[in-house]
Amino acid sequence: MTSKLSVASLGLLSACALAAATPAGAQNAEVKEKPPMYTYIGSFAIPRAKWGELEKQSAAEQKIFDKALTGGRLVGYGSDTELVHTDDGTTHDSFWSSMSMAGVLEVLDDLEKSGPTTSSVLTSATKHDDNLLVSRYYNWKPAAVKGGYSHVAAYTLKETAPDNALDVLSKSFGVPLFEKLLAEGTIVEYEIDEEQIHTVNPGRFWVVYLCKTAADLDKVNAALGGAFGASPFIGPALDSMVQNGEHRDYLERTDAVYK
């Protein structure tokens, strides 16, 4: 996957960098971090010949997820199919979100006990990894999305970045912009994630948003591009905050339910 930053990504990160230099009292006081939301993601590289079998897998998982959603253990769940493949990447994933670690891990136990995680289609995977993420900046509209589009932008902060860099990104730029897009119906859900259980660079974070249609992706890009155009200090600010070579984008086809 290319490491070249898109116009939209530059706009997002440059705004973060500029805000980092702003005195704390001048930052947006209305945006506050929320209680932690935990998300478990199981990712797999499935041989193409087995992709059709994943529908049966998803149906088996959905019964468990729906029960956990109705019972209040989960706030959302879904599955992704990677649209832009890489030779060393995964092809599919399942994810579920809870307001507690217990909720996430209890559902994982349910999946393991019921058998879907050991089904033949998953045992055919040539690659598998798990992530347990935490977000304090997120929101969604209750919805069931079929065949939507998730955009995931992954970044790594430099060791010299301010300790509050992710908070600055979220409070001064990310949350206000995404809340506007959420209110307009352009996106269904967004979150800014870090790892709860660290398996990669501790400075790694992910900006995620879900759209119902491809046209909505264009609207988000236009909004981010507009923010980029309004910022005159992209180069030095961006270079001071993130490791440019570590940036990655992911585009996925998503089925999801949010309570």
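Each value in this text was obtained by applying a stated rule to the coordinates, not by laboratory testing. Because the structure is a prediction, the values reported are computed rather than measured. A quick note on method: Cβ atoms are made from the backbone with ideal geometry, for glycine too, and the neighbour counts reach across all protein chains shown.
Summary table
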{"read-out": "Two-site label geometry, Ala183 and Leu83: point separation in nm, points 7 Å out along Cα→Cβ", "value": "2.7"}
{"read-out": "Glu246-Lys113 FRET efficiency (beta carbon distance; Förster radius 41 Å; 0.05 resolution)", "value": "0.60"}
{"read-out": "For Arg204, distant residues with modelled amide H under 5 Å away", "value": "Leu157"}
{"read-out": "Sites Met99 and Ala49 - FRET efficiency at Förster radius 35 Å, r taken between beta-carbons, to 0.05", "value": "0.35"}
{"read-out": "Length released on extending from Thr160 to Asn201, taking residue separation times 0.36 nm less the Cα-Cα span", "value": "13.4 nm"}
